[in-house]
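A short write-up of the structure that comes next.
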Amino acid sequence: MTGSTSDLRRMAAAGLAAICLLSGTRAGFAESSAVAHFSPEEDLEALDVRSLDALPGGGHVNAALYVLSDYRVIGALARAAERGKTVRLYLDPRELRLLKLRPDHPLCRLAETANVTVLLKSALQDLMHDKDWSADGAVWRTGSANASVSGLKAQDNSLLLITDKTVVAAFDRHFESMWSRSDNRKWTCRVDFNF
(Lines give C-alpha, C1' and ligand atoms only; values in the text may rest on other atoms or scores of the structure.)
Protein backbone atom coordinates (compact mmCIF):
# COMPACT_ATOMS: atom_id res chain seq x y z
CA MET A 1 0.00 0.00 0.00
CA THR A 2 1.35 3.43 -0.88
CA GLY A 3 0.32 6.87 0.27
CA SER A 4 1.46 9.78 2.32
CA THR A 5 1.64 9.58 6.10
CA SER A 6 -1.30 11.98 6.41
CA ASP A 7 -3.35 9.81 4.00
CA LEU A 8 -2.56 6.73 6.09
CA ARG A 9 -3.50 8.56 9.31
CA ARG A 10 -6.81 9.70 7.78
CA MET A 11 -7.58 6.14 6.68
CA ALA A 12 -6.71 4.78 10.14
CA ALA A 13 -8.84 7.45 11.83
CA ALA A 14 -11.73 6.60 9.50
CA GLY A 15 -11.30 2.91 10.34
CA LEU A 16 -11.25 3.69 14.07
CA ALA A 17 -14.37 5.82 13.69
CA ALA A 18 -16.11 3.00 11.81
CA ILE A 19 -15.21 0.49 14.54
CA CYS A 20 -16.49 2.87 17.20
CA LEU A 21 -19.70 3.62 15.34
CA LEU A 22 -20.48 -0.03 14.65
CA SER A 23 -19.96 -1.00 18.27
CA GLY A 24 -21.74 1.82 20.08
CA THR A 25 -24.68 4.18 20.27
CA ARG A 26 -24.80 7.24 18.02
CA ALA A 27 -25.05 10.52 19.85
CA GLY A 28 -24.20 14.13 19.57
CA PHE A 29 -23.02 16.67 17.10
CA ALA A 30 -23.37 15.46 13.53
CA GLU A 31 -24.26 12.12 12.00
CA SER A 32 -21.57 9.60 12.90
CA SER A 33 -19.43 12.04 14.90
CA ALA A 34 -19.85 10.67 18.42
CA VAL A 35 -20.39 7.26 19.93
CA ALA A 36 -21.48 6.65 23.53
CA HIS A 37 -20.47 3.62 25.58
CA PHE A 38 -21.44 2.73 29.16
CA SER A 39 -20.08 0.56 31.94
CA PRO A 40 -20.69 -1.86 33.50
CA GLU A 41 -22.85 -2.94 30.51
CA GLU A 42 -19.80 -2.63 28.24
CA ASP A 43 -16.13 -3.30 28.91
CA LEU A 44 -14.74 0.23 28.56
CA GLU A 45 -11.23 -1.01 29.34
CA ALA A 46 -11.29 -3.21 26.22
CA LEU A 47 -12.67 -0.30 24.19
CA ASP A 48 -9.92 2.08 25.38
CA VAL A 49 -7.24 -0.52 24.63
CA ARG A 50 -8.69 -1.36 21.19
CA SER A 51 -8.99 2.34 20.33
CA LEU A 52 -5.40 3.13 21.34
CA ASP A 53 -4.05 0.00 19.64
CA ALA A 54 -5.88 0.93 16.40
CA LEU A 55 -3.98 4.22 16.12
CA PRO A 56 -1.31 4.26 13.41
CA GLY A 57 2.34 5.06 14.07
CA GLY A 58 3.52 8.65 14.16
CA GLY A 59 1.38 11.57 15.22
CA HIS A 60 0.42 12.20 18.82
CA VAL A 61 -1.76 11.30 21.79
CA ASN A 62 -2.65 14.02 24.30
CA ALA A 63 -3.97 12.47 27.52
CA ALA A 64 -5.26 14.32 30.57
CA LEU A 65 -6.13 11.61 33.07
CA TYR A 66 -7.09 12.15 36.69
CA VAL A 67 -6.49 8.46 37.38
CA LEU A 68 -4.16 6.26 35.32
CA SER A 69 -3.84 2.92 37.10
CA ASP A 70 -5.23 0.39 34.59
CA TYR A 71 -2.25 -1.70 33.45
CA ARG A 72 -3.87 -2.59 30.09
CA VAL A 73 -4.49 1.09 29.24
CA ILE A 74 -0.95 1.95 30.33
CA GLY A 75 0.30 -0.85 28.06
CA ALA A 76 -1.73 0.49 25.10
CA LEU A 77 -0.22 3.97 25.63
CA ALA A 78 3.26 2.41 25.70
CA ARG A 79 2.57 0.51 22.46
CA ALA A 80 1.40 3.76 20.81
CA ALA A 81 4.70 5.39 21.83
CA GLU A 82 6.63 2.39 20.51
CA ARG A 83 4.86 2.86 17.14
CA GLY A 84 6.28 6.39 17.07
CA LYS A 85 3.41 8.36 18.58
CA THR A 86 4.36 11.31 20.75
CA VAL A 87 2.46 10.58 23.98
CA ARG A 88 1.93 13.48 26.36
CA LEU A 89 0.36 12.57 29.72
CA TYR A 90 -0.96 15.26 32.04
CA LEU A 91 -1.73 13.88 35.50
CA ASP A 92 -2.89 15.10 38.88
CA PRO A 93 -0.27 14.38 41.57
CA ARG A 94 -2.82 13.65 44.31
CA GLU A 95 -4.01 10.47 42.61
CA LEU A 96 -0.51 9.49 41.57
CA ARG A 97 0.58 9.62 45.22
CA LEU A 98 -1.98 6.92 46.06
CA LEU A 99 -0.37 4.38 43.74
CA LYS A 100 2.30 2.11 45.17
CA LEU A 101 4.89 3.00 42.55
CA ARG A 102 8.08 0.99 42.22
CA PRO A 103 10.55 1.18 39.33
CA ASP A 104 8.96 -1.93 37.77
CA HIS A 105 5.40 -0.49 37.93
CA PRO A 106 3.89 -0.15 34.42
CA LEU A 107 3.35 3.60 34.90
CA CYS A 108 7.03 4.06 35.84
CA ARG A 109 8.07 2.06 32.79
CA LEU A 110 5.71 4.13 30.60
CA ALA A 111 7.24 7.38 31.91
CA GLU A 112 10.68 6.08 30.86
CA THR A 113 9.51 5.04 27.35
CA ALA A 114 10.84 6.94 24.34
CA ASN A 115 8.29 9.43 22.94
CA VAL A 116 6.49 9.75 26.31
CA THR A 117 6.46 12.89 28.45
CA VAL A 118 4.57 13.07 31.75
CA LEU A 119 3.72 16.39 33.37
CA LEU A 120 2.06 16.83 36.75
CA LYS A 121 -0.21 19.72 37.59
CA SER A 122 0.99 21.64 40.61
CA ALA A 123 -0.40 20.14 43.82
CA LEU A 124 -0.88 23.73 45.02
CA GLN A 125 -3.65 24.18 42.43
CA ASP A 126 -7.14 22.65 42.26
CA LEU A 127 -7.59 19.14 40.86
CA MET A 128 -7.01 18.24 37.24
CA HIS A 129 -10.06 16.01 36.94
CA ASP A 130 -10.20 15.27 33.19
CA LYS A 131 -10.58 11.72 31.89
CA ASP A 132 -9.67 12.43 28.28
CA TRP A 133 -7.31 11.62 25.46
CA SER A 134 -7.14 12.70 21.85
CA ALA A 135 -5.15 11.41 18.91
CA ASP A 136 -3.92 13.20 15.78
CA GLY A 137 -6.74 15.75 15.82
CA ALA A 138 -9.05 12.94 14.66
CA VAL A 139 -10.60 11.41 17.79
CA TRP A 140 -11.33 12.57 21.36
CA ARG A 141 -12.10 10.10 24.14
CA THR A 142 -13.97 11.66 27.04
CA GLY A 143 -16.57 10.78 29.67
CA SER A 144 -16.84 10.02 33.36
CA ALA A 145 -14.72 6.84 33.37
CA ASN A 146 -11.33 7.05 35.03
CA ALA A 147 -8.54 4.94 33.50
CA SER A 148 -8.77 2.38 36.31
CA VAL A 149 -10.09 -1.18 36.25
CA SER A 150 -13.06 -0.28 38.45
CA GLY A 151 -13.80 2.91 36.49
CA LEU A 152 -13.74 1.14 33.14
CA LYS A 153 -15.40 -2.16 34.05
CA ALA A 154 -17.44 -2.04 37.26
CA GLN A 155 -18.69 1.48 38.03
CA ASP A 156 -21.57 3.26 36.30
CA ASN A 157 -19.63 5.40 33.82
CA SER A 158 -19.75 6.76 30.32
CA LEU A 159 -17.15 6.99 27.56
CA LEU A 160 -17.62 9.02 24.39
CA LEU A 161 -15.51 8.73 21.26
CA ILE A 162 -15.90 11.89 19.19
CA THR A 163 -14.59 12.26 15.64
CA ASP A 164 -15.88 15.77 14.88
CA LYS A 165 -12.61 17.58 14.12
CA THR A 166 -13.88 20.95 15.42
CA VAL A 167 -14.76 19.38 18.76
CA VAL A 168 -11.49 17.41 18.90
CA ALA A 169 -9.60 20.67 18.21
CA ALA A 170 -11.40 22.33 21.14
CA PHE A 171 -10.12 19.61 23.49
CA ASP A 172 -6.62 19.91 22.04
CA ARG A 173 -6.65 23.68 22.76
CA HIS A 174 -7.79 22.94 26.34
CA PHE A 175 -5.01 20.36 26.66
CA GLU A 176 -2.39 22.83 25.38
CA SER A 177 -3.51 25.42 27.95
CA MET A 178 -3.07 22.87 30.75
CA TRP A 179 0.21 21.53 29.33
CA SER A 180 1.77 24.99 29.10
CA ARG A 181 1.21 26.06 32.73
CA SER A 182 4.40 27.45 34.22
CA ASP A 183 4.02 25.55 37.51
CA ASN A 184 3.71 22.07 35.94
CA ARG A 185 6.45 19.62 36.78
CA LYS A 186 7.96 16.94 34.57
CA TRP A 187 7.60 13.55 36.24
CA THR A 188 9.51 10.32 36.14
CA CYS A 189 9.16 7.63 38.74
CA ARG A 190 12.32 8.96 40.36
CA VAL A 191 10.83 12.42 41.02
CA ASP A 192 9.14 12.95 44.35
CA PHE A 193 5.76 14.58 44.77
CA ASN A 194 6.72 17.35 47.17
CA PHE A 195 6.16 20.46 45.11
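Probe 1.4 Å, all protein chains in place: accessible area of residue 140 in Å², nearest 10?
Solvent-accessible area, nearest 10 Å²: 40 Å².
Please give, to one decimal in nm, the separation of the simple spin-label points placed at residue 114 and residue 176, each 7 Å out from Cα toward the Cβ.
Each label point lies 7 Å from its Cα, and together they span 2.8 nm.
Placing unit charges on C-beta atoms (Lys and Arg positive, Asp and Glu negative, everything else neutral), compute the dipole magnitude of segment 97-145 about its Cα centre in debye, rounded to 20. Walk me through the numbers on the way to the answer.
On the way: 7 positive and 6 negative charges, 50 e Å.
So the dipole magnitude of segment 97-145 works out to roughly 240 debye.
Just subtract the alpha-carbon distance of residue 166 and residue 124 from 0.36 nm times their residue separation and send over the number in nm, one decimal.
Gain on stretching residue 166 to residue 124: 11.9 nm.
Using alpha carbons only, how many angstrom separate the centre of segment 122-170 from the centre of segment 63-113?
Comparing the Cα centres of segment 122-170 and segment 63-113, I get a distance of 15 Å.
Based on Cβ point charges of +1 for Lys and Arg and -1 for Asp and Glu, what charge dipole magnitude is obtained for segment 54-119 about its Cα centre, in debye rounded to the nearest 20? List each step's numbers first, then the result.
Details: 10 positive and 6 negative charges, 8 e Å.
The calculation lands at about 40 debye.
For residue 67, what residues show an amide H to amide H distance below 5 Å, using hydrogens built from the backbone and excluding near sequence neighbours?
147
Of the peptides 162-175, 90-103, how do they stack up when ordered by the mean number of other Cβ atoms within 10 Å, highest first? Kindly include the intermediate steps, with their values, before the conclusion.
Working: 162-175: 16.9, 90-103: 15.0.
Result, highest mean Cβ count within 10 Å first: 162-175, 90-103.
Can you tell me how much longer the chain between residue 99 and residue 154 gets when fully stretched, taken as 0.36 nm per residue apart minus their C-alpha distance, in nm with one decimal?
17.9 nm
Applying the Karplus parametrisation 6.51 cos²θ - 1.76 cosθ + 1.60 with θ = phi - 60° to the phi angles of segment 90-97, what ³J(HN,Hα) value in whole Hz is obtained for each residue in order, glycine and proline being reported as x?
So the Karplus estimates, Gly and Pro as x, are 10, 10, 9, x, 4, 6, 4, 4 Hz.
Spelling out what I want: for every residue of segment 167-178, take phi, set θ = phi - 60°, compute 6.51 cos²θ - 1.76 cosθ + 1.60 (Karplus), and round to whole Hz; glycine and proline get x.
Couplings: 6, 4, 4, 5, 5, 4, 5, 4, 4, 4, 5, 5 Hz.
Got a sec to turn the phi values of segment 107-124 into Karplus ³J(HN,Hα) couplings, 6.51 cos²θ - 1.76 cosθ + 1.60 with θ = phi - 60°, whole Hz, x for Gly and Pro?
Karplus-based 3J(HN,Hα) across segment 107-124 equals 5, 5, 5, 4, 4, 8, 6, 4, 6, 10, 10, 10, 10, 10, 5, 4, 5, 7 Hz.
The values are calculated or read from the model by the stated rules, or taken from the named source; none is laboratory data. Given the structure is predicted, the values throughout are model-derived calculations rather than measurements. Every residue, glycine as well, gets a Cβ built from its backbone with ideal geometry; the counts of neighbours run over all protein chains shown. Accessible surface is based on the protein model in full, side chains and every heavy atom, while ligands, DNA and RNA are left aside. Shrake-Rupley method; radii C 1.70, N 1.55, O 1.52, S 1.80 Å.
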